[in-house]
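The values are calculated or read from the model by the stated rules, or taken from the named source; none is laboratory data. What you are looking at is a predicted structure, and each value in this text was computed from that prediction instead of being measured. All Cβ positions, glycine included, derive from the backbone under ideal geometry; neighbour counts span all protein chains shown.
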Amino acid sequence: MQFETVAWAVASGIISHVLFNRLEPRGLKSLLSLLLIPPIIATLAAFRFPTSLEVAAASYLLILGIYFGTLTASVILYRLSPFHPLASYPGPILCKITRLRVGYVACTGQQHLYYKQLHERYGSYVRTGPNHLHINDVTILPDVMAYKPFLRGERYGRSRIKGSTGSLHATLDPEEHAQRRKIWERGLTSSAIQDYADALFKRVQQLIEILEIRRGVPFDLSGWISCMAFDFMGDLTFGGAYNLMDAGKDRMASPPQTMTHMVSLKREVVANVPWLEAFAGLIGSNKSIRKLRKFALHSVLARKEKGSSTKDLFYYLLDEAGSGSQPLSFPNLILESTLAIVAGSDTTGAALSNLFFFLLTNPDVYTSLQAEVDKEFPKGADILSAPSSNIIRSMKYLNAVINETLRLRPAIPSGSQRRLPKGTGGIMLGEKFIPENTTVQMATFSVHQNPKYFAPSPEKFFPERWIEEGPGHILNYAAFLPFSYGPTNCVGKNLAMFEMRIVVCSLLQKFEFELAPGYNPSEWDDALRDHFIFVKGRLPVVIRTRG
């Protein structure tokens with residue numbers, strides 16, 4: 001009886017491994033069924049004849065222990081064996097066994113540094129999971145980032161509510177994504193962005209007035225920049241909805257911003273360990289997501305009540321112009337609003353904050369950029385006007401500073417993820433074979449600091465690399481990916497650049513900035529967290545009005 005019990009337990013463990021490998025269950029019921037039903041069947045099979053309840057219970061516990069031990073051993077041995085499709089790719093042993101290692105790194109917010117270290121140790125192709133590869137090789141970009149045969153990875157398809165097909169960011173089907181993107185593009189054309197200029201000018205002027213009353217005393221510049229970006233996104237998306245700057249308090253983050261950060265963190269952890277989502281509701285980690293969606297719901301309802309009098313982004317999403325295109329459903333509007341809140345405010349706020357940090361820790365760069373601003377906009381010149389926008393767009397050193405900031409601190413540091421589906425048979429990328437059912441990811445932070453693409457000193461803030469040429473100078477534009485690449489790149493790129501140029505020029509024309517006494521610049525990088533987007537800390541500064 002003992003041998004038969006062990007045999008059934010071992011067999012059920014191996015069978016479960018095969019089923020997990022083939023079915024890849026994600027739902028809670030599916031996971032629990034595959035984990036618990038086989039040992040129950042094994043117990044019943046081992047005890048076909050009547051026996052006492054105590055004996056059956058003890059035997060079930062024994063079978064359960066042997067079953068989970070066999071299942072675990074089978075999984076580990078296969079993933080480390082030469083028979084695994086990714087056996088030829090180097091990487092940490094723990095990562096080859098489980099994605100829990102990278103899930104833990106995602107919790108700490110240190111993904112950008114972790115993947116960079118892995119590439120420095122193992123090379124351009126690193127196995128970071130049982131079926132995951134991280135790649136630092138831009139020559140394969142056109143193949144990986146095209147719609148086919150690769151599809152968007154699991155990290156994207158996790159924003160769903162009843163009755164919706166997901167936001168633009170969460171749409172996996174290539175054709176559906178292309179159709180949804182067209183709706184967004186109507187609201188982000190050059191002419192549409194010019195329509196939003198007055199709203200941006202108003203918010204930048206409000207920021208200037210807020211900073212002006214804080215002259216001579218330390219305050220958190222990063223927090224106020226983020227509030228400005230959040231308020232502008234509220235104007236752009238909902239015709240004015242947030243007004244965080246009106247609160248008049250120095251703070252690092254407002255409640256809505258805190259919600260977006262918590263949602264981004266949760267989503268990034270689940271993106272790295274997809275099966276964890278089945279248990280997310282059990283531990284209450286969906287609370288922040290529900291709060292953010294409720295916030296978006298109220299914003300959507302308030303905007304719909306205003307009607308078509310405001311020509312904002314919602315004007316295009318709702319097709320209030322009557323162009324004849326299919327407007328988005330109400331559930332999809334909520335998800336697109338959530339996307340706009342996160343993608344449109346946090347990313348720009350982080351980029352601007354990083355830019356000012358780099359200026360304040362690189363005096364020569366600060367002086368050069370200040371000189372360019374003063375040349376184009378001498379004292380009394382009006383930056384916050386439509387004609388000025390054209391001048392700002394052509395400022396070489398300003399654009400170099402922005403590009404260098406986005407190179408060193410890209411908005412999405414862990415980059416884009418793609419999956420080669422089952423049934424494709426695998427694909428050759430250069431000299432490398434990528435097996436089917438493999439997820440590949442290209443961490444932008446790592447690519448942007450690769451000396452093969454940016455030299456000299458790829459880790460140094462050096463805007464001149466975008467202007468000057470010389471011996472040993474390498475500037476590979478194909479490796480510059482702050483807004484991703486291909487048909488799913490950032491649809492709001494032009495708006496983000498427009499906003500950053502206006503804010504930087506306006507603040508430098510008006511104020512002189514310096515780091516607050518006692519602030520250690522190393523605290524800035526120490527506080528940066530990769531939660532899909534870069535989440536930043538405080539940037540204490542002291543300002544003076546320029547004469």
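The table for this structure:
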quantity	calculated
Cross-chain or 6+ apart pairs with Cβ under 6 Å, region 47-64 first and assigned by TED's automatic domain parsing to the domain that holds A11 and at pLDDT below 75, then of a type in the set (D, E, K, R) and outside any helix (DSSP H, G or I)	none
Verdict on I543 being part of a strand (DSSP E or B) and either surrounded by 18 or more Cβ atoms within 10 Å (Cβ to Cβ) or modelled with pLDDT of 95 or more (or both)	yes
Identity of the residue in region 111-155, assigned to a helix (DSSP H, G or I) and polar (S, T, N, Q), that ends up farthest from K96 (Cα to Cα)	T139
Selection from region 55-94 of residues that are closer than 27 Å to W8 by Cα, of a type in the set (F, W, Y) and outside any helix (DSSP H, G or I)	F83
Criterion: loosely packed, with under 15 Cβ neighbours inside 10 Å and farther than 27 Å from I427 by Cα - qualifying residue of Q110, Q179	Q179
Qualifying residue in region 483-505 (condition: more than 15 Å from the chain's Cα centre (by Cα), part of a loop (DSSP other than H, G, I, E, B) and not β-branched (V, I, T))	no
Leading residue by the ranking (farthest from N437 (Cα to Cα)) among those in region 95-110 that are polar (S, T, N, Q) and in a loop (DSSP other than H, G, I, E, B)	Q110
Scope region 181-192; condition among the basic types (K, R) and either modelled with pLDDT under 85 or in contact with a Phe, Trp or Tyr (Cβ under 9 Å, 6 or more places away or on another chain) (or both); matching residues	R186
Among residues of region 391-439, those that are surrounded by 21 or more Cβ atoms within 10 Å (Cβ to Cβ), among the small types (G, A, S) and at negative phi, counted	4
Condition check for S388: of a type in the set (S, T, Y), within 25 Å of V491 (Cα to Cα), buried (at least 18 other Cβ atoms within 10 Å of the Cβ) and at pLDDT below 95	yes
Scan of region 454-474 for residues that are farther than 13 Å from S368 by Cβ, surrounded by 14 or more Cβ atoms within 10 Å (Cβ to Cβ) and within 25 Å of the chain's Cα centre (by Cα), ordered by number	F454, P458
Only listed residue being within 27 Å of D530 (Cα to Cα) and either assigned to a helix (DSSP H, G or I) or free of Cβ contacts under 8 Å to residues at least 12 places away in the same chain (or both), chosen from L369, L335, L301	L335
Some residue of region 515-526 being over 30 Å from Q179 (Cβ atoms), touching a helix residue (DSSP H, G or I) at 6+ places or on another chain (Cβ under 7 Å) and not small (G, A, S)	yes
Subset of region 304-324 [modelled with pLDDT of 65 or more and either assigned to a helix (DSSP H, G or I) or of a type in the set (S, T, N, Q) (or both)]	K304, E305, K306, G307, S308, S309, T310, L313, F314, Y315, Y316, L317
Yes/no for Y366 being under 27 Å from S190 (Cβ atoms) and assigned by TED's automatic domain parsing to the domain that holds Y453	no
Residue check for G163: small (G, A, S), modelled with pLDDT under 95 and either in the same structural domain as W184 (by TED's automatic domain parsing) or touching a Phe, Trp or Tyr at 6+ places or on another chain (Cβ under 9 Å) (or both)	yes
Cβ-Cβ under 7 Å pairs, at least 6 apart or on other chains, region 506-526 side more than 28 Å from Q206 (Cβ to Cβ), far side part of a loop (DSSP other than H, G, I, E, B) and modelled with pLDDT of 95 or more	P521/T361
Residue in region 381-395 that is touching a Phe, Trp or Tyr at 6+ places or on another chain (Cβ under 6 Å), within 23 Å of R538 (Cα to Cα) and touching a residue at least 40 places away in the same chain (Cβ under 8 Å) present	no
Criterion: farther than 25 Å from L168 by Cβ, β-branched (V, I, T) and touching a residue at least 40 places away in the same chain (Cβ under 8 Å) - qualifying residue of I467, I412, I474	I467
So Y196, is it among the aromatic types (F, W, Y) and at pLDDT below 85	no
Any hit, region 502-525, residues being within 24 Å of S416 (Cα to Cα) and surrounded by 15 or more Cβ atoms within 10 Å (Cβ to Cβ)	no
